[in-house]
Amino acid sequence: MKIMEFLDKKAITVNLKSADKEGVIKELADLLVKAGDIKNKDELVRVLLARESLGSTGIGQGIGIPHAKSPNVKNVVAAFGLSQRGVNFDSLDGEPAYIFFLLIAPEESAGPHLKALARISRMLKDKYFREQLKKARDEKDILRIIQEEDAKKY
């Protein structure tokens, strides 16, 4: 599974404004609403925050992957956001997060949901890839960087 199979090209920003976890989740949810992937932002934010209450999706190394399942989507869909100043995302390593992939999947899609999470996690283990994303100047840069990385075998 490649990231571009589920990342909505219209749901990417390099300029997250929020300074806290809930704000970042709301901003990323907004991107999916504006892109037409999600109809009910409030429900999406609710399920994402409920998932966060089980344990932070701030995995460390400057990365947050908020994710949840929702009855309101038919396919796995993702948004990408970059924070220039970093956000306290209750990360495992206690460091701020800069790179965010928000992932939402249908309730009955354990396989695709886990494959998408695994793909994102594997790619983000590469320090060079993370640094490239952090240096991106605009959404086109993000798309190019992800597409180049997607073309590699993992």
- J(HN,Hα) series, segment 29-36, from Karplus relation 6.51 cos²θ - 1.76 cosθ + 1.60, nearest Hz, glycine and proline x: 4, 4, 4, 5, 5, 5, 6, x
- Task: Let me see the pair-distance distribution of segment 25-139: every alpha carbon pair, 10 Å bin width, integer percents in order.
- Result: 14, 47, 34, 5
- Of all GluC sites (Glu not before Pro) in segment 7-109, which ones are in loop regions per DSSP and have a Cβ with at most 12 other Cβ atoms within 10 Å? E108
- With a cut-off of 16 Å, note down the residues of segment 1-25 whose backbone N falls inside the zone around a label point 7 Å from the Cα of L114 toward its beta carbon. 1
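Taken together, the values in this text are just the output of simple stated rules run on the coordinates, not laboratory data. What you see is a predicted model, and the numbers here were worked out from it, not measured in a lab. A quick note on method: Cβ atoms are made from the backbone with ideal geometry, for glycine too, and the neighbour counts reach across all protein chains shown.
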